[in-house]
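The values are calculated or read from the model by the stated rules, or taken from the named source; none is laboratory data. These figures come from a predicted structure and were not determined experimentally. Backbone-built Cβ (ideal geometry, glycine too); neighbour counts: all protein chains shown.
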């Protein structure tokens, strides 16, 4: 891809991000760019700002300085539209224990128009749709939260420690889902303390001032069942 084509393909850019928490400087001068098919891994010690950067990209943290733009438009100028373009997964699975798995995921189906049986199967949850979430294991609940991300149909996935509580088989399924999303032009930004099935992702180490990451458009990626 030529430099001109790469510039045209660019969708998300963060420039000079500065975020404060009280009197503490959490993010200082963060720059990054994401094009269709791109993936970025956020690394760094606890408290380095990984979760804060994800929330900032989602439009959930106020900026002391800098901008986040989508196709050149500041996301603060269209918050409702931006909310539909991102799927955010935090440390908490955000599932209601008294509702069944299917009931927990129906809002994502209505908003994104996804295929619930297919999303459950993608994360090995077929057969569990009618069970109350309180009966699911921690790993099954995490997989349910990941199924909800898939159902949103959002092009940008912001994932905070997505592999938390997942066994090797579940991580393999997650690798296929991530690769399929990127092959369709989707983008992924994920924080991690451990390995994630994103073998060709760019990396941004937080905790040092002035860190930045610029991603070349990565193009479609074929699902890798061995990831």
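Identify the residue in the range 106-124 that is modelled with pLDDT under 95 and not in a loop (DSSP other than H, G, I, E, B) and, among all such residues, is surrounded by the fewest Cβ atoms within 10 Å (Cβ to Cβ). The residue in question is 110. Here residue 34 clears all of (1) within 14 Å of the chain's Cα centre (by Cα); (2) modelled with pLDDT under 95; (3) surrounded by 14 or more Cβ atoms within 10 Å (Cβ to Cβ) except the condition numbered (2). When 82, 91 are checked against the criterion of being closer than 20 Å to residue 55 by Cα, assigned to a helix (DSSP H, G or I) and touching a strand residue (DSSP E or B) at 6+ places or on another chain (Cβ under 8 Å), 82 stands alone in meeting it.
Those residues that are in a helix (DSSP H, G or I) and buried (at least 20 other Cβ atoms within 10 Å of the Cβ), I need them from the range 53-79; list them, please. Correct list: 53, 54, 56, 57, 75. Assess whether residue 27 counts as being in a helix (DSSP H, G or I), in contact (Cβ under 8 Å) with a residue 60 or more places away in the chain and within 20 Å of the chain's Cα centre (by Cα). The answer is no for residue 27. Among residues of the range 127-148 being surrounded by fewer than 18 Cβ atoms within 10 Å (Cβ to Cβ) and under 23 Å from the mean Cα position of the chain (by Cα), the one that is farthest from residue 85 (Cα to Cα) is 137. Would you call residue 188 under 17 Å from residue 34 (Cβ atoms), touching a helix residue (DSSP H, G or I) at 6+ places or on another chain (Cβ under 8 Å), crowded, with 19+ Cβ neighbours inside 10 Å and modelled with pLDDT of 95 or more? Here the answer is yes, as residue 188 does meet what is asked.
Of the set (1) closer than 23 Å to residue 186 by Cα; (2) modelled with pLDDT under 95; (3) surrounded by fewer than 21 Cβ atoms within 10 Å (Cβ to Cβ), all apply to residue 44 but (1). Just checking, which of 178, 198 is modelled with pLDDT under 95 and crowded, with 21+ Cβ neighbours inside 10 Å? Exactly one of 178, 198 is modelled with pLDDT under 95 and crowded, with 21+ Cβ neighbours inside 10 Å, namely 198. Restricting attention to the range 94-105, the residues that are touching a residue at least 40 places away in the same chain (Cβ under 8 Å) and either in a helix (DSSP H, G or I) or in contact with a helix residue (DSSP H, G or I) (Cβ under 6 Å, 6 or more places away or on another chain) (or both) add up to 4.
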